[in-house]
1. Does residue 384 satisfy being in contact with a Leu (Cβ under 8 Å, 6 or more places away or on another chain), in a loop (DSSP other than H, G, I, E, B) and surrounded by fewer than 22 Cβ atoms within 10 Å (Cβ to Cβ)?
2. Suppose the filter is in a strand (DSSP E or B) and either more than 29 Å from residue 393 (Cα to Cα) or of a type in the set (D, E, K, R) (or both); does residue 359 pass it?
3. Report whether or not residue 322 is closer than 27 Å to residue 190 by Cα and surrounded by 20 or more Cβ atoms within 10 Å (Cβ to Cβ).
4. Could you check how many residues of the stretch 288-318 are under 16 Å from residue 360 (Cβ atoms) and either buried (at least 21 other Cβ atoms within 10 Å of the Cβ) or not assigned by TED's automatic domain parsing to the domain that holds residue 137 (or both)?
5. Quick one: is residue 50 among the aliphatic types (A, V, I, L, M) and either touching a Gly at 6+ places or on another chain (Cβ under 7 Å) or in a loop (DSSP other than H, G, I, E, B) (or both)?
6. Hand me the list of strands (runs of 3 or more DSSP E) wholly inside the stretch 121-232 holding 1 or more residues that are without any contact (Cβ under 8 Å) to a residue 24 or more places away in the chain and not hydroxyl-bearing (Ser, Thr, Tyr).
7. Considering only the stretch 33-51, state which residues are modelled with pLDDT under 95 and surrounded by 13 or more Cβ atoms within 10 Å (Cβ to Cβ).
Amino acid sequence: MLSKIILIFKIFGPVFRQIATLLKLTVGPRLHRLSYRAVEHPRNVVVIGASFAGYHTARCLASSLPTGYRVVVIEKNSHFQLTWVLPRYSVVSGHEHKAFIPYGSYLSPTPEGSYHWIKDIAAKVQVSDEDQIGKVQLGSWEEVEFDYLVLATGASGSLPSRVPVDTKEEGMRLLIAEQDKLRAAMDVVIIGGGAAGIELATDAKSRYPEKNVTLVHSRNTLLSRFGPRIGEEALKELEILGVKVVLGQRVNVSEDVDVKKITLSSGETVACDYLVNCTGQRPNSTLIQSISPTSVSESGHIKVRPTLQIANTSLNQIYAAGDVVDLDNIKNGRAAVQQAGIVAENIVRSIKSQKQREYQPQWWEGTTKLPVGLKKALVWISDGSAEIVMSTKNKAEELDSLKVWKFFGAKPYVDEEKGC
């Protein structure tokens, strides 16, 4: 009990830290305008990927790089894709557009000439052994030189965890297609007892209580990356809604498309006319694999040092942040933003020949709000010694997308297609 009381008081620390971060984000770029001057041929700090880690790294760099440097963002998507709302928007209709935030506003307060945006695919990375100057080859075959490189390439997957397309229009069509499939189905089977699978299952059963919804998870507990209590509470909520939960089983999908069923590893069959796989996200680390295979783990994540430089000490100018990195932490937007701040600061420190800072995952980065149905959510907080799970009402059907739009300086939910 005492440890929980201590944890409650510890929560105030991250709250004040967040206020300080927002203040710095507001004031920093405006102060930087007083000293930064655009030059004709700046040296490039290239950031590949502009989700939480990459976009925030770019903002921090554009607000702090000295004159003579600029940040170059390479991003293939037309819009910022807000992944944590995707399970909800795969069920409910009318909110699809809110998952795609227009780029640009987050960088608009920074000094003129401090950043350059390239909408393209980063196809290949090369580094010269002689001068350590690198090049990123784009999908258009153009090349971008860099003095420093940040890999914020995230992970790939399919709905409801990731949007496997590059444009807002295509993404919205995919979400609407998932809504239509669910609406037409009667026997829904969801594979994976992580956050996405639980949210999709509870949302589907909450919206369509007449449907048979089954959640299959290969482990014996839900949400095994978290503490035990949230998994237990999530299981209770699933059962209250009437979702059938199968633990410790894998799914063998029938190859006969005319037979609408799936077979579990136990041999049991489950009726299914809509199957959703909420597993199998793949870290996007192929760019570093070709130049430093030892910096990629068996899981495909990029191995980093505490400074968030990649493991290969001969490539000190390359950093990584976000879901692509090989860290023993809960991967979410909060952790990605914290890593981004360290990466940006360390690049500026390197330019100034100063000592690098080390990133240590903090307990509060893993704080999670898990929707369990359309009107309810579980909030999980743990500092490693105590665990708190609270039930809260979730009134907004679109979840917290409004807050993210505002955080990135975009007017909810206006998309004027101005781009970067």
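The values are calculated or read from the model by the stated rules, or taken from the named source; none is laboratory data. Treat the numbers as computed from the prediction; the structure is a model and nothing was measured. In this analysis, Cβ positions are derived from the backbone assuming ideal geometry, glycine residues included, and neighbour counts consider all displayed protein chains.
1. no
2. It is false that residue 359 is in a strand (DSSP E or B) and either more than 29 Å from residue 393 (Cα to Cα) or of a type in the set (D, E, K, R) (or both).
3. Answer is yes for this residue.
4. Final tally of qualifying residues: 3.
5. yes
6. Of the strands (runs of 3 or more DSSP E) lying wholly inside the stretch 121-232, those with at least 1 residues that are without any contact (Cβ under 8 Å) to a residue 24 or more places away in the chain and not hydroxyl-bearing (Ser, Thr, Tyr) span 122-127, 134-138, 143-146.
7. If the condition is that a residue be modelled with pLDDT under 95 and surrounded by 13 or more Cβ atoms within 10 Å (Cβ to Cβ), then 33 is the only one that fits.
Condition check ((1) basic (Lys, Arg); (2) part of a strand (DSSP E or B); (3) in contact with a helix residue (DSSP H, G or I) (Cβ under 9 Å, 6 or more places away or on another chain)) across all residues:
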{"position": "294", "(1), (2), (3)": "no, no, no"}
{"position": "323", "(1), (2), (3)": "no, no, yes"}
{"position": "331", "(1), (2), (3)": "yes, no, no"}
{"position": "335", "(1), (2), (3)": "no, no, yes"}
{"position": "338", "(1), (2), (3)": "no, no, yes"}
